[in-house]
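Note sheet for the following structure.
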Protein chains: 4
Amino acid sequence: MSYGTIGIIWNLVLGTCDFLGGEKNGKLYYFDAIFLFQGEIKMELEGVEIEDTFAEAFPIKVARVLITAVNDKWALEAAKETTGFGTSVIMCPAEAGIDKIASREETPDGRPGVYIIICTFGYKALEEQLLARIGQCVLTCPTTAAFNALKKEESEKEFNTGFKLKFFGDGFESEEELYGRAVSRTPIMGGEFVIEKNIGAKEGVAGGNLFILAKDQMSALTAAEDAVFAIGQVEGAITPFTGGVVASGSKPGSQKYKFMHATINEKFCPTLKDKIEASELPADVNGVFEVVINGLNEEAVSEAMSAGIKAAVKVPGVVKITAGNFGGKLGKYQLRLYDVLR
Amino acid sequence: MSYGTIGIIWNLVLGTCDFLGGEKNGKLYYFDAIFLFQGEIKMELEGVEIEDTFAEAFPIKVARVLITAVNDKWALEAAKETTGFGTSVIMCPAEAGIDKIASREETPDGRPGVYIIICTFGYKALEEQLLARIGQCVLTCPTTAAFNALKKEESEKEFNTGFKLKFFGDGFESEEELYGRAVSRTPIMGGEFVIEKNIGAKEGVAGGNLFILAKDQMSALTAAEDAVFAIGQVEGAITPFTGGVVASGSKPGSQKYKFMHATINEKFCPTLKDKIEASELPADVNGVFEVVINGLNEEAVSEAMSAGIKAAVKVPGVVKITAGNFGGKLGKYQLRLYDVLR
Amino acid sequence: MSYGTIGIIWNLVLGTCDFLGGEKNGKLYYFDAIFLFQGEIKMELEGVEIEDTFAEAFPIKVARVLITAVNDKWALEAAKETTGFGTSVIMCPAEAGIDKIASREETPDGRPGVYIIICTFGYKALEEQLLARIGQCVLTCPTTAAFNALKKEESEKEFNTGFKLKFFGDGFESEEELYGRAVSRTPIMGGEFVIEKNIGAKEGVAGGNLFILAKDQMSALTAAEDAVFAIGQVEGAITPFTGGVVASGSKPGSQKYKFMHATINEKFCPTLKDKIEASELPADVNGVFEVVINGLNEEAVSEAMSAGIKAAVKVPGVVKITAGNFGGKLGKYQLRLYDVLR
Amino acid sequence: MSYGTIGIIWNLVLGTCDFLGGEKNGKLYYFDAIFLFQGEIKMELEGVEIEDTFAEAFPIKVARVLITAVNDKWALEAAKETTGFGTSVIMCPAEAGIDKIASREETPDGRPGVYIIICTFGYKALEEQLLARIGQCVLTCPTTAAFNALKKEESEKEFNTGFKLKFFGDGFESEEELYGRAVSRTPIMGGEFVIEKNIGAKEGVAGGNLFILAKDQMSALTAAEDAVFAIGQVEGAITPFTGGVVASGSKPGSQKYKFMHATINEKFCPTLKDKIEASELPADVNGVFEVVINGLNEEAVSEAMSAGIKAAVKVPGVVKITAGNFGGKLGKYQLRLYDVLR
């Protein structure tokens, strides 16, 4: 369906709407169909319905660190260990993940590098997590160095994590300027550990999300994997859950167990579709996975959601994309799917 | 080197000694050379000197969990996230790692699986870590299930982690017997989460280790990687540090900073070799990495050390294998290199 | 389905049948349901229908080589390059693939290793392919060595590939016995290349196969990936196609183009299901992938088919397993699904 | 050493030379030291000597194809199989490799993609290889599509590979315009295979190369791996050998065996250093690996050599970078190390 057609339909329905679609390199870059279905307006991307809803997101404190190493293997190993046990602050000490692979041109030392983002709800916890995670998982890792990866002008806070870690050198360490940055250099068994003295932090955004609904579990899973892979290219955003995908999207509180703060979101559980009355799953949906996104700011999270949706709708079997929210009552940010796809 | 050993070696030099070596499939399976060098006895494996010293190890509480999933990718993703931020209890909430890949025949549900081991110094912390790590990193992960992987008869404790996690099901969950095990089954977005109700725990061993000394940093690193890969085949043992390798082996306390509990082991730092008097590094050694091993028991840790040494000595450029200890004053276990190689 | 089997099944329906199923570790290890459906007998494994048909397979000449290297990365790189462009002898010079990862105990030099299998329809072509593939992809690869991996007693032929490759040494090479094998050792830039002088060959089996039918393309694909992964553990069998999976199962000849020797198997194409009359796809099947298996002998191929089926049926969305044949007219071997699952 | 200092030294030696160095983001981007050593001028990058020599390269015919798939896994699997058994045309039917990972924005169908390059010495062989490799390794591979990845204006030839492959559809195929390209679409078991009808070809460059000399084998190998990884980011260039690295750099002909066209380059074999008179290896060099580069044109190969050198010199233990040539007698292109580093 051409952009012209979309425009015509939209005009028929509501009047003009000049933000709804566009063309780039011969590809429509968001909706490819907008139509009336049983009196309701439906929008589609690659034949997949995009629900008119929003992800509800929250402020969180974030730090961004660049880990470099002698090769990509060790930069990635360090990034994975450092951001491990970091899916949700409900019971993890932080939410953390790999932001993206750095190009060699971007790294101060010209070596392979990986950007990571670590998030907690307060700055005190963030400082503790930076010290513990970098001290235990990067400093200890072969050939690594660690650099601040937030711009000075966007940082609200700076933690002297690199300065504190220098004391591990027991007097053999030095403080220097290297690659135009103030660093501490500590001799270790494996050679030397270089870390920038100050690591910046700021308020970011947690809880951006997508729900991917597909005919079967494996179609939904493949689509979620693809969404995570696409988000991996977006600067400033992470998917903190295991492999980037959430299998157990939840609702706040519990109907049955007063002591539980969060329990299953039964309306989106395929195996309960026919056992409850209020299921939100279409008849042909038997697989649902969620992708949760944190980022440096609203723009990064929006861009990540957009990249994730565009990747997911390419996968055969995907039926619908929606998002999770609390009716707009809890979160500061409302990331509407139609807006992020613009 | 103890007097007893010297006696034995003299016997070897002068006559037969049937425990010091052996042959299997045409390969010597431990020492391939024992000789007098400047009045001192040296032992070699593949031309690499094995120092007559021991790793000093400690009791720790351990749990072993089997994670299964629809494929090896997701079993491994879950295992990595669950054991992340778990290198050393100095500042991580646990020491954790992948034990080994399970064969399909071994898994209760016949799917791909990965064994992990989680360690803390007390049982209370271990129970908390099991609940948090499985609840946040396995339950949330696509297609996974979790099973107790300690035998009943070797368990000292059982934690009802699986029972506790069932409440996430908000009444839609069930308790059943499945594959001959008592499990809870919780419907989730991604399908269903199955977990064994009780997870066993016992006293294990932490701090087994090897030091790999090589002519250059990259030779030592390649050898350490190979050692970690070989240890990955040994049942009941993990290498909890990032990628299994430690770049920053430490000594207790500090000479200069009273507030530090651990600082660099300068005697093994290549860049300090010519700057301090007591360096333990031979003139031709410029690269040193350590592999730290935790396990279910002394035998598993010993076997892992042996597998690691045998792999490391195969790498060109490796000069010497030694181990770290505190003179035998601190640890309950002394794992002598000559003994583990038998 | 043969009369014998029918009789047995009737027995099962009416009474006991102790060979059709079994239990091991609390798991049924083949059929978990056999019942009458609209007058027809159906067999199921994990709720997936297993069709009573057979894979038709052919004799082919095979060689098996063990490649070792300083680490698993390089052993695998060598194995992949050496077996690349090797899916089908229709237009590839060989059918080739990775058999399985060797344990260190199995490799003559105690290093990480990978077994590969190379197949052609004649011995002359096999000798040429061994020389070209090992000479160009293993000899040239960092740190590798190559050993014969067929037992003497099962070999019908021996090719002096290792002897021929020694001339690359320009007189600096040597012929020796190493690890109890006659090898040539050639000094190269990267160190030294060791290769066993003679590589054995024998008649093997090509064309074992499975068809995996699922509700959707991604479910079928995930199941095929899992089948390939499971077959990767079976000794003596390879899945020569790209990533082990065939997306384009074919029929011999063509209805429309006389010059074509093989064209699409339209009866199994989901997008043609409603356009042709003779589709073999059930109404709920929208995804089909094939796994093709070659092996050292009928037993290895059968075992691989069994392992593949058992893995595939575990994947949600899989509906039916069948296999490809030519009515038994062309191939020497008929590998019946019911038999291989026993 | 600052650029100023380099200039001064260079001025002292020869006069001005304004092309020799530069600064970007605070980093010198090529030589960081140029000095007189025993009457000879030496240039260094990160402390590693860069020899003043050149790689001698040759014309070759090349095609560039973009393979897309449902996810990065399958795009890569297809690319690997298609370019396998493709290290050197001495005995492989083509030289082939992965050029680089495509961004989703670049791929016509918006899916993950991988660019590959296939090279042969003549266009006839190239057409055959395109048909065989794409037909057997891409068409057969789950979820893939294949597109021409040479610009019309740079192509000298076009092969109708996509048109020929359509006959596999046995009449069920169609020819269409899709994403602004003329393609054929063939229904297959796995769904549908889309391929652009015409694939462009041109004259490219083969035999760009680097020799990496290091203190030890593992340092040289790690550096070669890093060089290959860095070249992986350069558009239009491949490293066709196994894992991108050559362990067995050769000389033309043989001193001893008249029938051999190429034998070891003994002057660069570490184990022969003390056994021959004309070794080119410095006393402290014990590890040498080569990286061979083919590309679409001289610029791409030069850029790849530069990226490879800059990555290699970062690895501890690397002593010297040089290149292989035949005294300039054989090849059309002379890629001087000093020039490519500009």
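Okay, residues lined up against (1) closer than 30 Å to A:Lys267 by Cα; (2) out of contact with any strand residue (DSSP E or B) (no Cβ under 9 Å at 6 or more places or on another chain); (3) at pLDDT below 95; (4) in the same structural domain as B:Cys269 (by TED's automatic domain parsing):
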position: B:Leu150; (1), (2), (3), (4): no, no, no, no
position: B:Asn160; (1), (2), (3), (4): yes, no, no, no
position: B:Phe163; (1), (2), (3), (4): yes, no, no, no
position: B:Arg185; (1), (2), (3), (4): yes, no, no, no
position: B:Ile188; (1), (2), (3), (4): yes, no, no, no
position: B:Asn209; (1), (2), (3), (4): no, no, no, yes
position: B:Ser219; (1), (2), (3), (4): no, no, no, yes
position: B:Val234; (1), (2), (3), (4): no, no, no, yes
position: B:Gly243; (1), (2), (3), (4): no, yes, no, yes
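Within segment A:117-170, work out how many residues are of a type in the set (Val, Ile, Thr) and more than 23 Å from A:Met189 (Cβ to Cβ). Let's see the steps before the verdict.
From segment A:117-170, those of a type in the set (Val, Ile, Thr) are A:117-118, A:120, A:134, A:138, A:140, A:143-144, A:161; that's our starting set.
Subsequent filtering for residues that are more than 23 Å from A:Met189 (Cβ to Cβ) retains A:117-118, A:120.
The number of residues fulfilling the criteria is 3.
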Inset, instruction - Output the number of residues of segment B:99-126 satisfying the condition of being touching a Gly at 6+ places or on another chain (Cβ under 7 Å), in a strand (DSSP E or B) and surrounded by fewer than 24 Cβ atoms within 10 Å (Cβ to Cβ). - result: 2
Legend entry - Whichever residue in segment B:87-113 is free of Cβ contacts under 8 Å to residues at least 24 places away in the same chain and within 14 Å of chain A (Cβ to nearest Cβ) and, among such residues, is farthest from B:Glu127 (Cα to Cα): B:Met91
Inset, instruction - Please enumerate the residues belonging to segment A:230-263 that are touching a helix residue (DSSP H, G or I) at 6+ places or on another chain (Cβ under 6 Å) and of a type in the set (Val, Ile, Thr). - result: A:Ile231, A:Val234, A:Thr239, A:Thr242, A:Val245, A:Thr263
Inset, instruction - Answer with yes or no whether A:Val313 is in contact (Cβ under 8 Å) with a residue 40 or more places away in the chain and facing another protein chain (nearest Cβ under 10 Å). - result: yes
Inset, instruction - Being among the small types (Gly, Ala, Ser) and part of a loop (DSSP other than H, G, I, E, B) is the filter here, so list the residues in segment A:72-96 that pass it. - result: A:Gly84, A:Gly86, A:Ser88, A:Ala94
Legend entry - Residues that are over 22 Å from the mean Cα position of the chain (by Cα) and not in a loop (DSSP other than H, G, I, E, B), drawn from segment D:133-153: D:Gly135, D:Gln136, D:Ala145, D:Lys152, D:Glu153
Inset, instruction - Inspect segment B:115-128 for any residue being within 26 Å of C:Pro316 (Cβ to Cβ) and either in contact with a strand residue (DSSP E or B) (Cβ under 9 Å, 6 or more places away or on another chain) or in contact (Cβ under 8 Å) with a residue 40 or more places away in the chain (or both) and give the result as yes or no. - result: yes
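Take the residues in segment C:39-71 that are surrounded by fewer than 20 Cβ atoms within 10 Å (Cβ to Cβ) and not in a strand (DSSP E or B), then tell me which one is farthest from the other protein chains (Cβ to nearest Cβ). Outline the logic, then answer.
First pass over segment C:39-71, keeping only residues surrounded by fewer than 20 Cβ atoms within 10 Å (Cβ to Cβ): C:39-42, C:44, C:46-47, C:49, C:51-53, C:58-59.
Those left that are additionally not in a strand (DSSP E or B): C:39, C:46-47, C:51-53.
On the way: C:Gly39: 29, C:Glu46: 8, C:Gly47: 13, C:Glu51: 16, C:Asp52: 21, C:Thr53: 16 Å.
Within segment C:39-71, the match that is farthest from the other protein chains (Cβ to nearest Cβ) is C:Gly39.
Each row is one residue, and each column tells you yes or no for (1) of a type in the set (A, V, I, L, M, F, W, C); (2) crowded, with 24+ Cβ neighbours inside 10 Å; (3) within 19 Å of A:Gly86 (Cα to Cα); (4) free of Cβ contacts under 8 Å to residues at least 24 places away in the same chain.
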| residue | (1), (2), (3), (4) |
| --- | --- |
| A:Gly190 | no, yes, no, no |
| A:Val194 | yes, no, no, no |
| A:Gly208 | no, yes, yes, no |
| A:Ala214 | yes, yes, no, no |
| A:Ala220 | yes, yes, no, no |
| A:Gln233 | no, no, no, no |
| A:Ala237 | yes, yes, yes, no |
Inset, instruction - Check segment D:288-296 and report whether any residue there is more than 10 Å from chain C (Cβ to nearest Cβ) and either closer than 30 Å to A:Ala145 by Cα or part of a helix (DSSP H, G or I) (or both). - result: yes
Legend entry - Test: A:Ala307 is touching a residue at least 24 places away in the same chain (Cβ under 8 Å) and more than 8 Å from chain B (Cβ to nearest Cβ): yes
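Whether any residue in segment A:164-177 is basic (Lys, Arg) and in contact (Cβ under 8 Å) with a residue 40 or more places away in the chain is what I want to check.
So the first thing to find is which residues in segment A:164-177 are basic (Lys, Arg), and the list is A:164, A:166.
The next check asks that each one be in contact (Cβ under 8 Å) with a residue 40 or more places away in the chain; those that pass are none.
No - not one qualifying residue is present in segment A:164-177.
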Legend entry - Which numbered condition C:Phe147 misses (of (1) in contact (Cβ under 8 Å) with a residue 60 or more places away in the chain; (2) within 14 Å of chain D (Cβ to nearest Cβ)): (2)
Inset, instruction - List every residue pair whose Cβ atoms sit under 7 Å apart, with the two residues 6 or more apart in sequence or on different chains, where the first one lies in segment B:326-337 and is closer than 20 Å to B:Ile309 by Cβ and the second, anywhere, is exposed (fewer than 11 other Cβ atoms within 10 Å of the Cβ). - result: B:Gln334/B:Gly328
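For segment A:177-187, indicate whether the set of residues that are under 30 Å from A:Val292 (Cβ atoms), buried (at least 21 other Cβ atoms within 10 Å of the Cβ) and either within 22 Å of the chain's Cα centre (by Cα) or of a type in the set (Val, Ile, Thr) (or both) is non-empty.
In the first step, residues of segment A:177-187 are kept if they are under 30 Å from A:Val292 (Cβ atoms); the result is none.
Within segment A:177-187 (the criterion being under 30 Å from A:Val292 (Cβ atoms), buried (at least 21 other Cβ atoms within 10 Å of the Cβ) and either within 22 Å of the chain's Cα centre (by Cα) or of a type in the set (Val, Ile, Thr) (or both)), the answer is no, since none of the residues qualifies.
The values are calculated or read from the model by the stated rules, or taken from the named source; none is laboratory data. Since the structure is predicted, the reported quantities are computational estimates derived from the model, not experimental observations. Glycine also receives a Cβ, built like all others from the backbone with ideal geometry; neighbour counts cover every protein chain displayed.
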